[in-house]
Every structure is written in C-alpha cells, then in structure tokens.
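Novice: For reference, the structure I am asking about is given below.
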Amino acid sequence: MAKKETITLSTDGAINSEFSGYTDKSCFNAAADISKQLEDLGILTQVNDVKIKDLSTQDTKNCAIQTQKIERK
Amino acid sequence: MSHISSQTVSSLNGVHPMVLAEGIKVACQLLALSGIQVTDFVYDWSGNKTQSHNKVQIICALGAEGAVKDSKFGGLGLGVSDGKLTIVGDFYYDWQKAQAKKIQAQLETVLGGACYFAARALIATAKGQKTNVTVNQETQQLQLVVEN
C-alpha cells in the first residue's frame, strides 16, 4: 500500500492530518518528521487542532504524540 | 481622493513570510467556499481597483463590492510586509470599519490552519513528493494529499 498523508482544512480553520500505508512506528516517525519541518517554518501544531491517525491500525495514540500547537495569534 | 491605508497585524508572527503569503491564498480560497467574494484588488474611494499600497502587494482581498464613496465595502486587502500579515483597504465610514473587523476575525480563524496547509504543500513540493489539492464544495473543505 502506498504511503500517503491526507490533510484536510475545514472552514472553521481545523486541520485533520491522516497517515495511511504506515506501520505503527513509521507513522510516528513520519509525523515527528513533518512536525519538525513545520516548526522550522514557524508552524506549531496543537493537539486539539490536529489529529494524526494511522489508518492501517486505526491507532490514534502513536501518531498523536507528536502534535504540538497551531498558533493563531 | 483615497483613504487607503495599510496596517500590520500581529497574527502568526514567526511564520516564515513565504508560508504566510501562501497561507493567505489558501485562506482566501477557503473563505470563498463560505460565499465571501475574493478578488486580487480592493476598491478605493472613487472605485479604482488597487492592487498595492505603500509597496505592499495585495495577495488577495475579501468582500470587495465597489467604490467606498458609494457606501460600498471596498474590500479587505491582504498582503505581507516585513514578514507580517498586512491589511490594506479604504475603511472610511464606521460601518466599513466594523465590516473590516468582522472579515478580519473570519480570516484569523482560518489563517493558522491555512498556513499549516500551505507549509505542508511547500515541504512536499521541495521534497519532490506527489501532491494533489482538491476543493470539496459540499463539505466546504480543502484537501491536500501527499504521496511518497
């Protein structure tokens, strides 16, 4: 299965980022890698605003660990 | 006659200017789904279309209707100046100032997520990953798919 990340932006400003095609651990690593790159661009992500779910396992815990926060103000 | 002014806003200080500029475009695209008029100019007092002010290029503008002197909303112009979000527009009457504040609040609600969306797309492009952006009118969402 191809590794894919689907990012959805809603009109309330909420971001939902879902990873598919990853194992538990590699999803965690992918999320951590993306979070770090976003942080380098000044984008911090908040646990209430970003949900990262590994669709291969339906496990939200592993990938949710690396969320930080989206600063709006 | 024109009362166009520009003011920087402190929202999202620290975001890379390129990301902020792209985020503004995404935010405008998203707000368009809610029915807000999006243009690349604002109207001034006389109804002239203005695309920049004091070296600030308007990336997109929200709610532009017509000449300010005709009691229409000239539009909330958005740009980036010194790395900061900058609002450009002619808000002469009190109701126009209030309208500008209301639209600015709507913008600031989505701008954080829009910058995330734009940043994620820029990272993917820089890495040579395949990306696809779709607009879902029904759910009023933007979707970005990144594939390795």
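Novice: What average count of beta carbons from other chains do you get within 10 Å of the Cβ of residues in B:13-21? Walk me through the numbers on the way to the answer.
Specialist: Details: counts 3, 5, 5, 4, 1, 1, 4, 2, 0.
So the per-residue partner count for this stretch is 3.
Novice: With all protein chains present, how much of the accessible area of segment B:23-88 (probe radius 1.4 Å) comes from carbon and sulfur, to the nearest whole percent? Don't jump to the answer; show the numbers that get you there.
Specialist: Values: 1010 of 2670 Å².
Solvent-exposed carbon and sulfur of segment B:23-88 make up 38 percent of the total.
Novice: Rank B:Ala100, B:Ala21, B:Ala124 by mean-square fluctuation in a GNM of chain B with C-alpha springs under 10 angstrom and give only the top-ranked residue.
Specialist: Largest GNM mean-square fluctuation: B:Ala124.
Novice: Moving on. Could you work out which residue, out of B:Gly74, B:Gly83, B:Gly14, moves most in a Gaussian network model of chain B, that is, has the largest mean-square fluctuation with Cα springs under 10 Å?
Specialist: Taking springs between Cα atoms under 10 Å, the residue moving most is B:Gly14.
Novice: Which residues of segment B:80-118 show a drop of at least 20 Å² in accessible area when all protein chains are present, compared with their chain alone (probe radius 1.4 Å, heavy atoms only, ligands and nucleic acids excluded)?
Specialist: Buried on complex formation: B:Glu108, B:Thr109, B:Val110, B:Gly112, B:Gly113, B:Tyr116, B:Phe117.
Novice: Here's a follow-up. Just to confirm my understanding: which cysteines in chain B have no other cysteine beta carbon less than 4.7 Å from their beta carbon?
Specialist: B:Cys115, each lacking another Cys Cβ under 4.7 Å.
Novice: Here's something else I'd like to know. Between segment B:134-148 and segment B:46-113, what is the C-alpha centre distance in whole Å?
Specialist: Here the answer is 27 Å between Cα centres.
Novice: Per residue of B:134-145, count partner chain C-beta atoms within 10 Å of its C-beta, then hand back the mean as an integer.
Specialist: Working: counts 1, 0, 2, 0, 0, 3, 4, 6, 5, 5, 7, 7.
Mean partner-chain Cβ count within 10 Å for B:134-145: 3.
Novice: For chain B, what is the accessible area per residue in Å² when the probe is 1.4 Å? Walk me through the intermediate numbers first.
Specialist: Values: 6880 Å² over 148 residues.
Roughly 47 Å² per residue, with all protein chains present.
Novice: Right, next: Return the distance in nm (one decimal) between the two label points of a simple spin-label model at B:Glu65 and B:Asn48, each offset 7 Å from Cα along Cα→Cβ.
Specialist: Using points 7 Å along Cα→Cβ, the separation is 2.3 nm.
Novice: If you don't mind, there's one more thing I want to ask. In Å² (nearest 100), what accessible area is buried between B and A, both sides summed, heavy protein atoms only, 1.4 Å probe? Each step should come with its number before you reach the end.
Specialist: Details: alone 8140 and 5030 Å², together 10580 Å².
The summed interface area works out to 2600 Å².
Novice: Moving on to the next point. Could you please put B:Tyr43, B:Tyr93 in sequence from largest to smallest accessible area, using a 1.4 Å probe? Don't jump to the answer; show the numbers that get you there.
Specialist: Working: B:Tyr43 40, B:Tyr93 80 Å².
Result of the area sort, largest leading: B:Tyr93, B:Tyr43.
Novice: On full extension of the chain, what length is gained from B:Lys127 through B:Asn148, given 0.36 nm per residue of separation minus the C-alpha to C-alpha distance?
Specialist: Working: separation 21, 0.36 × 21 = 7.56 nm, distance 0.94 nm.
Value of the extension gain: 6.6 nm.
Novice: Moving on to the next point. Evaluate peptide A:35-44: per residue, the Cβ atoms of other protein chains within 10 Å of its Cβ; return the mean as an integer. Walk me through the numbers on the way to the answer.
Specialist: Working: counts 0, 0, 7, 7, 1, 3, 13, 11, 15, 4.
Other-chain Cβ atoms within 10 Å of each residue's Cβ, averaged: 6.
Novice: Check each of the trypsin sites (Lys or Arg not before Pro) in segment B:1-105 and keep only those in coil by DSSP with at most 10 other C-beta atoms within 10 angstrom; list them in order.
Specialist: Working: sites: B:Lys25, B:Lys49, B:Lys55, B:Lys69, B:Lys72, B:Lys84, B:Lys97, B:Lys101, B:Lys102; in loops: B:Lys55, B:Lys72.
Of the trypsin sites (Lys or Arg not before Pro), the ones in loops of segment B:1-105 whose Cβ has at most 10 other Cβ atoms within 10 Å are B:Lys55.
The values are calculated or read from the model by the stated rules, or taken from the named source; none is laboratory data. These numbers were taken from a predicted model, which means no experiment stands behind them. Here Cβ is always computed from backbone atoms with ideal geometry, including for glycine, and neighbour counts include all displayed protein chains. Calculation scope for accessible area: heavy atoms of the full protein, side chains included, ligands and nucleic acids excluded. Shrake-Rupley method; radii C 1.70, N 1.55, O 1.52, S 1.80 Å.
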